[in-house]
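These notes are about the structure you will find just below.
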Amino acid sequence: MTGYYCPGCGAMRLVNALAHGHVGTAFGFNPLLFLLLPVLGYLYVRWTVLSVQGRPMWSALFRPVAVYSFVGVVAVYWIVRNLPFAHALAP
């Protein structure tokens, strides 16, 4: 809508490329999300196991320092991927 790439642009193409076994292509669509997939997978598995056990979800990744750091990294990524010299980060 604005012509700028958001931090999530290319996420669906990344998932499609991974589903078809094209890892390098997937990395090119959204490098940040690609690098965060193991973390998101860990959190999903942890949530599932704790839910089955009837325990609440908790992780050190939910502490304020980690959350603010993550938001800062996403904001910097969002800005940098729209700069002319960083065309490699564009989907």
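Data overview
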{"quantity": "Potential lengthening between VAL45 and VAL23 on full extension [0.36 nm per residue; Cα-Cα distance subtracted]", "calculated": "5.7 nm"}
{"quantity": "Expected 222 nm ellipticity per residue - DSSP helices of 4 or more, -39500 (n - 2.57), all of the chain, to 500", "calculated": "-20000 deg cm²/dmol"}
{"quantity": "Mean Kyte hydropathy of 1.0 or more with a Cα span along the axis of at least 20 Å, helices from DSSP in the chain", "calculated": "31-53, 64-80"}
{"quantity": "Order of exposure, largest accessible area first, which applies to PHE70, PHE29 with probe 1.4 Å", "calculated": "PHE70, PHE29"}
{"quantity": "Quarter of Cα convex hull surface for the chain, i.e. mean projection, nm²", "calculated": "7.5"}
{"quantity": "Along each principal axis, Cα extent of region 42-91, largest first, Å", "calculated": "49, 23, 9"}
{"quantity": "Length-normalised contact order of the chain in % [C-alpha pairs under 8 Å, at least 6 apart]", "calculated": "37"}
{"quantity": "Surface accessible to a 1.4 Å probe, LEU33 within the full protein complex, Å²", "calculated": "40"}
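The values are calculated or read from the model by the stated rules, or taken from the named source; none is laboratory data. Predicted model only: the values in this text are computed from it and were never measured. All accessible areas refer to the heavy atoms of the entire protein, side chains included, with ligands and DNA or RNA removed. Shrake-Rupley method; radii C 1.70, N 1.55, O 1.52, S 1.80 Å.
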